[in-house]
Amino acid sequence: MDATPPTTRRCIVAAFLLTGIRLRENRQLLILGSMKRLISALLILAFSHGSTHIYAEQESGSNNGKNANAPFVKNVQAEEADQVLKKEKQIVILDIRTPAEFKSGHLSHAKNIDFYESDFQKNLESLDKKKTYLVHCASGGRSAKARDLMKNLGFLQIYHLDDGIKGWINAGKPVEK
C-alpha cells in the first residue's frame, strides 16, 4: 500500500504536469524535456509539500505542542462559522467591507474596519492579537488577504468566513442593519 499522503500525491502530479514529466502506470518516470524541467519539478514538489503540510496543521488547529504561539488559521463556511460564534463567546467579528456595505447588513456585534482605507493595516495592528477573530468581507476575496495579513502581523486565532457575508446570507443566517 502506498504510504504517500493524498496531498503529496496531488502535488507530485501537479509538478509533473507543470514541467512536462509524465508518470506511467507502473510509477516509472518518462522524462519529456531537459534536466532543467526535472529540477524545476523537484523544487515545485519540495515547496508545495512543505507549505501544504504546514497549512494543513494550521487548518486542523493542532500544533501538536510544537509551538504554542503558532497561529491557528481556519477557513470556514457559514454553518461552521455559526457554530464557532456560538462556542467562542469572546470572538471578535471583523467585517472589512466598506461602511456603506456594512450599513446594508452585517453580523450582530461586528466591528467594521474598511479594507480600502489607507490606514487598514494600522487599524489591524491596534487590535488585540491574542483574541479570536472571525474575519469576512462580501464574498471572501478581501478577507482572504486580510487573513494572511493578520497572520503575518502575529494574530494567534483567525477564522475566515470563506464565502463572506453573501455565503452567510445564502445559508439563511441572520444579519442586522
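Residues in region 161-177 that are surrounded by 15 or more Cβ atoms within 10 Å (Cβ to Cβ), in contact (Cβ under 8 Å) with a residue 40 or more places away in the chain and basic (Lys, Arg): 173 only. Residues in region 76-92 that are free of Cβ contacts under 8 Å to residues at least 24 places away in the same chain and in contact with a strand residue (DSSP E or B) (Cβ under 9 Å, 6 or more places away or on another chain) were compared, and the one that is surrounded by the fewest Cβ atoms within 10 Å (Cβ to Cβ) is 83. In region 120-160, of all residues being under 24 Å from residue 103 (Cα atoms) and touching a Gly at 6+ places or on another chain (Cβ under 7 Å), the one that is surrounded by the fewest Cβ atoms within 10 Å (Cβ to Cβ) corresponds to 139. Within region 78-89, the set of residues being assigned to a loop (DSSP other than H, G, I, E, B) and either acidic (Asp, Glu) or modelled with pLDDT of 95 or more (or both) comprises 88 only. Looking at region 128-135, can you tell me whether even one residue there is touching a residue at least 12 places away in the same chain (Cβ under 8 Å) and over 21 Å from residue 70 (Cβ atoms)? No, the conditions are met nowhere in region 128-135.
For every residue, the table says whether it meets (1) surrounded by fewer than 17 Cβ atoms within 10 Å (Cβ to Cβ); (2) modelled with pLDDT under 50; (3) touching a Lys or Arg at 6+ places or on another chain (Cβ under 7 Å).
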{"position": "61", "(1), (2), (3)": "yes, yes, yes"}
{"position": "70", "(1), (2), (3)": "yes, no, no"}
{"position": "100", "(1), (2), (3)": "yes, no, no"}
{"position": "110", "(1), (2), (3)": "no, no, no"}
{"position": "113", "(1), (2), (3)": "no, no, no"}
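The values are calculated or read from the model by the stated rules, or taken from the named source; none is laboratory data. Every value quoted in this text rests on a predicted model; they were computed, and no experiment measured them. Heads up, the Cβs are rebuilt from the backbone with ideal geometry, glycines too, and the neighbour counts pull from every protein chain shown.
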